[in-house]
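Taking it in order: structure first as structure tokens, then the write-up.
The values are calculated or read from the model by the stated rules, or taken from the named source; none is laboratory data. Since the model is a prediction, treat every value here as computed from it, not as a measurement. Heads up, the Cβs are rebuilt from the backbone with ideal geometry, glycines too, and the neighbour counts pull from every protein chain shown.
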Amino acid sequence: MDIYGQITKMADEMSSELVAQRRDFHKYAEKGWFEMRTSSIIARKLSDLGYEVLVGDQVCRRDARMGVPSEEELEAQYERAVSQGADPEFVPYTKGGMTGVIGILCCGEGPTVAMRFDIDALGVFEEKDPSHRPACEGFGSVNEGFMHACGHDGHAAVGLGVAKVLMSIRDSLKGTVKLIFQPAEEGVRGAKAIVENGNLDGVDYLIGSHVSNKSEDNPAVVIPGSHGSLATTKYDVIFHGKSSHAGGSPELGKNVMLAVGTAILNLYAIPRHSGGQSRINVGTVTAGSGRNVIADEAKMEIEVRGETTEINQFMEEYAVNVLESAAKMHGCTCEMKLMGSAYSLTSDQALMDRIRRVCEEHLKLPVSETTSSRNGGSEDISYMMRRVQEQGGQATFMRLLTPEAGPAHNRRFDFREDALVNGVKIFCGTVYDILGK
């Protein structure tokens, strides 16, 4: 049996193990920077397999993380992770939201291949009706308000399956394998901190993936790449004014309501860009303390997006000018906190072609006629892809195709778990095609 046959056989034999691991992560869902139990379990399994394991400050640069929750929230989640079976050796490294794990396997001189698997859940209340399979089969989230509604539980399970298979064929590899289990993908908050810690430096190939919906009658199991994701920047904007009595002395106040209203109207009036798609959204506004009080503080959550990084930069600079000017117009000030950002991404044709060939010729897996899928949202693997590509390397973001129940980010989201086995085969087959002796 050749190596591709070994990969296929081992992946098929670990099907129940992959499903069990995915369901464990699903049951104990943890949002971005809260993935403490999840990270500790991943680190434990990689260590037991024989990988060099990076945790804590070795993974993310602490001051480059975006959208980090309060210390009180982080401490509460740490205590919950411990109570829910976090690994006692590795969970202390996750304190303060220093989540994420990297496993490294050195197999002599040769290229470095990195793979990225995101591990965070969403702030979604999971469906409890028995018609929802996780609820029916006993692996629905026990962490109220947190749910794996985007498939990252499956991505993490695939990553651990890949780790096991590649360790078993390490004598047939020449080069370095780097498995990146990334926190805080949702809100595009986590990848930048990993890149800025130098963990993508020297990487020659980067492969990521995401489960994506397909029809029952579509035989294809993978689209080799993606393109067209929107670059984005996300801010929390805090307006500061001065309170006063709304009836007795309104002229003494500095009303943040006026600044916020002016800002919203003018943010949506930002001109569209001739170079491609652009987006602006004000998602939330929280302000005021009473009907007879001039409001002195307001919080606004906004995002801009652009089809290219340059268009997004145009939107961001325009939005910042609007916000600062709206505040100044009404005697207020504003501060802006960066909560997330991503570049646009384009997969490399050569790496997409390699994946197609490996799947069709060696793994006997059907590949979509479409080589690259258009991604309408934003993805912070773009930070990793850009770093690899600017070094002269190749990167791609695959779509693992599987029928899904409910759209992504919906309380009824679920996917068919045969995608886990296919994911392990495709990642491992491609790595062997690159690093095989």
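Is it the case that residue 73 is surrounded by fewer than 16 Cβ atoms within 10 Å (Cβ to Cβ) and more than 22 Å from the chain's Cα centre (by Cα)?
Taking the combined requirement at face value, the residue does not satisfy it.
If I go through region 144-170 residue by residue, how many of them are over 14 Å from residue 18 (Cα atoms) and in contact with a strand residue (DSSP E or B) (Cβ under 8 Å, 6 or more places away or on another chain)? Explain how you work it out, then say what you get.
First, pick out the residues of region 144-170 that are over 14 Å from residue 18 (Cα atoms): 144-150, 166-170.
Next, only the ones that are in contact with a strand residue (DSSP E or B) (Cβ under 8 Å, 6 or more places away or on another chain) stay: 146-150, 166-167, 170.
Number satisfying all stated conditions: 8.
If the requirement is being of a type outside the set (Phe, Trp, Tyr) and out of contact with any strand residue (DSSP E or B) (no Cβ under 8 Å at 6 or more places or on another chain), which of these qualifies: 387, 399?
Numbers: 399 fails: out of contact with any strand residue (DSSP E or B) (no Cβ under 8 Å at 6 or more places or on another chain).
After ruling out the rest, the residue left standing is 387.
Please work out which residue is surrounded by the fewest Cβ atoms within 10 Å (Cβ to Cβ), limiting yourself to region 1-23 and to residues that are aliphatic (A, V, I, L, M) and within 19 Å of residue 423 (Cβ to Cβ).
Within region 1-23, the subset aliphatic (A, V, I, L, M) is 1, 3, 7, 10-11, 14, 18-20.
With the extra rule that they be within 19 Å of residue 423 (Cβ to Cβ), the set shrinks to 3, 7, 10-11, 14, 18-20.
Details: 3: 17, 7: 26, 10: 17, 11: 26, 14: 20, 18: 23, 19: 17, 20: 12.
Selected residue: 20.
Could you grab me the full set of residues in region 113-139 that are surrounded by fewer than 22 Cβ atoms within 10 Å (Cβ to Cβ) and of a type in the set (Val, Ile, Thr)?
Matches in region 113-139: 124 only.
How many residues are in a strand (DSSP E or B), among the β-branched types (Val, Ile, Thr) and either in contact with a Ser or Thr (Cβ under 7 Å, 6 or more places away or on another chain) or closer than 15 Å to residue 152 by Cβ (or both) if we restrict to region 163-202?
Going through region 163-202, the residues in a strand (DSSP E or B) turn out to be 173, 175-182.
Filter once more, so that each one left must be among the β-branched types (Val, Ile, Thr): 176-177, 180.
From what's left, either in contact with a Ser or Thr (Cβ under 7 Å, 6 or more places away or on another chain) or closer than 15 Å to residue 152 by Cβ (or both): 176, 180.
Within region 163-202, residues that are in a strand (DSSP E or B), among the β-branched types (Val, Ile, Thr) and either in contact with a Ser or Thr (Cβ under 7 Å, 6 or more places away or on another chain) or closer than 15 Å to residue 152 by Cβ (or both) number 2.
Are any residues in region 80-111 part of a loop (DSSP other than H, G, I, E, B), more than 14 Å from residue 55 (Cβ to Cβ) and either outside the structural domain of residue 179 (by TED's automatic domain parsing) or without any contact (Cβ under 8 Å) to a residue 60 or more places away in the chain (or both), and if so, which ones? Talk me through it step by step, then tell me what you get.
Applying the first criterion (part of a loop (DSSP other than H, G, I, E, B)) to region 80-111 yields 84-90, 98-100, 108-111.
Within this subset, residues satisfying the condition of being more than 14 Å from residue 55 (Cβ to Cβ) are 84-85, 108-111.
Answer for region 80-111, where residues must be part of a loop (DSSP other than H, G, I, E, B), more than 14 Å from residue 55 (Cβ to Cβ) and either outside the structural domain of residue 179 (by TED's automatic domain parsing) or without any contact (Cβ under 8 Å) to a residue 60 or more places away in the chain (or both): 84, 85.
If you scan region 398-437, which residues turn out to be among the aliphatic types (A, V, I, L, M) and either part of a helix (DSSP H, G or I) or not assigned by TED's automatic domain parsing to the domain that holds residue 383 (or both)?
Taking region 398-437 as the starting set, the residues that turn out to be among the aliphatic types (A, V, I, L, M) are 398, 400-401, 405, 408, 419-421, 424, 426, 431, 434-435.
Those that are among the aliphatic types (A, V, I, L, M) and either part of a helix (DSSP H, G or I) or not assigned by TED's automatic domain parsing to the domain that holds residue 383 (or both): 419, 420, 421, 424, 426, 431, 434, 435.
Name the single residue, out of those in region 24-65 being under 20 Å from residue 150 (Cα atoms) and in contact with a strand residue (DSSP E or B) (Cβ under 7 Å, 6 or more places away or on another chain), that is surrounded by the fewest Cβ atoms within 10 Å (Cβ to Cβ).
So, considering only residues that are under 20 Å from residue 150 (Cα atoms) and in contact with a strand residue (DSSP E or B) (Cβ under 7 Å, 6 or more places away or on another chain), the one surrounded by the fewest Cβ atoms within 10 Å (Cβ to Cβ) is 31.
Only one of these conditions is not met by residue 239: (1) surrounded by fewer than 21 Cβ atoms within 10 Å (Cβ to Cβ); (2) touching a helix residue (DSSP H, G or I) at 6+ places or on another chain (Cβ under 8 Å); (3) not in a loop (DSSP other than H, G, I, E, B). Which number is it?
Failing condition for residue 239: (1).
Pick out, from region 250-342, the strands (runs of 3 or more DSSP E) lying fully within it that include 2 or more residues that are basic (Lys, Arg).
Values: elements: 278-287, 297-306, 333-342.
Counting at least 2 such residues, we get 297-306.
Report yes if residue 266 is surrounded by 13 or more Cβ atoms within 10 Å (Cβ to Cβ), out of contact with any strand residue (DSSP E or B) (no Cβ under 7 Å at 6 or more places or on another chain) and either in contact (Cβ under 8 Å) with a residue 12 or more places away in the chain or polar (S, T, N, Q) (or both), otherwise no. Before the answer, list the steps.
On the way: surrounded by 13 or more Cβ atoms within 10 Å (Cβ to Cβ): yes; out of contact with any strand residue (DSSP E or B) (no Cβ under 7 Å at 6 or more places or on another chain): yes; either in contact (Cβ under 8 Å) with a residue 12 or more places away in the chain or polar (S, T, N, Q) (or both): yes.
Judged against the criteria, residue 266 is a match.
Just one of 211, 237, 203 is β-branched (Val, Ile, Thr), in contact with a Gly (Cβ under 9 Å, 6 or more places away or on another chain) and over 27 Å from residue 58 (Cβ atoms); which is it?
Numbers: 237 fails: in contact with a Gly (Cβ under 9 Å, 6 or more places away or on another chain); 203 fails: over 27 Å from residue 58 (Cβ atoms).
Result of the check over 211, 237, 203: 211.
Just one of 359, 334 is surrounded by 18 or more Cβ atoms within 10 Å (Cβ to Cβ) and closer than 30 Å to residue 259 by Cα; which is it?
Numbers: 359 fails: closer than 30 Å to residue 259 by Cα.
From the options 359, 334, the qualifying one is 334.
Quick one: count up the residues across region 180-197 that are hydrophobic (A, V, I, L, M, F, W, C) and under 19 Å from residue 146 (Cβ atoms). Before the answer, list the steps.
Taking region 180-197 and keeping what is hydrophobic (A, V, I, L, M, F, W, C), we get 180-181, 184, 188, 191, 193-195.
From what is left, the residues that are under 19 Å from residue 146 (Cβ atoms) are 181, 184, 188.
Counting residues in region 180-197 that are hydrophobic (A, V, I, L, M, F, W, C) and under 19 Å from residue 146 (Cβ atoms) gives 3.
Being surrounded by 23 or more Cβ atoms within 10 Å (Cβ to Cβ), of a type in the set (Gly, Ala, Ser), assigned by TED's automatic domain parsing to the domain that holds residue 307 and at pLDDT 95 or above narrows it down to one residue among 327, 395; which is it?
Values: 395 fails: assigned by TED's automatic domain parsing to the domain that holds residue 307.
After applying the criteria, what remains is 327.
Would you please name the residue that is farthest from residue 288 (Cα to Cα), looking only at residues in region 240-259 that are among the aliphatic types (A, V, I, L, M) and touching a Lys or Arg at 6+ places or on another chain (Cβ under 8 Å)? Full working, then the answer.
Of the residues in region 240-259, the ones among the aliphatic types (A, V, I, L, M) are 246, 252, 256-259.
Checking the rest, the ones that are also touching a Lys or Arg at 6+ places or on another chain (Cβ under 8 Å) come to 246, 252.
Working: 246: 12, 252: 16 Å.
Among residues in region 240-259 that are among the aliphatic types (A, V, I, L, M) and touching a Lys or Arg at 6+ places or on another chain (Cβ under 8 Å), the one farthest from residue 288 (Cα to Cα) is 252.
Would you confirm, using the coordinates I've provided, whether residue 260 is surrounded by fewer than 17 Cβ atoms within 10 Å (Cβ to Cβ) and at pLDDT 95 or above? Spell out how you get there, then give the answer.
Values: surrounded by fewer than 17 Cβ atoms within 10 Å (Cβ to Cβ): no; at pLDDT 95 or above: yes.
The answer is no for residue 260.
Among (1) part of a strand (DSSP E or B); (2) under 20 Å from residue 425 (Cβ atoms); (3) within 18 Å of the chain's Cα centre (by Cα), where does residue 154 come up short?
All conditions are met except number (1).
hydroxyl-bearing (Ser, Thr, Tyr), closer than 29 Å to residue 84 by Cβ and surrounded by fewer than 16 Cβ atoms within 10 Å (Cβ to Cβ): does that describe residue 168?
On the way: hydroxyl-bearing (Ser, Thr, Tyr): yes; closer than 29 Å to residue 84 by Cβ: no; surrounded by fewer than 16 Cβ atoms within 10 Å (Cβ to Cβ): yes.
It is false that residue 168 is hydroxyl-bearing (Ser, Thr, Tyr), closer than 29 Å to residue 84 by Cβ and surrounded by fewer than 16 Cβ atoms within 10 Å (Cβ to Cβ).
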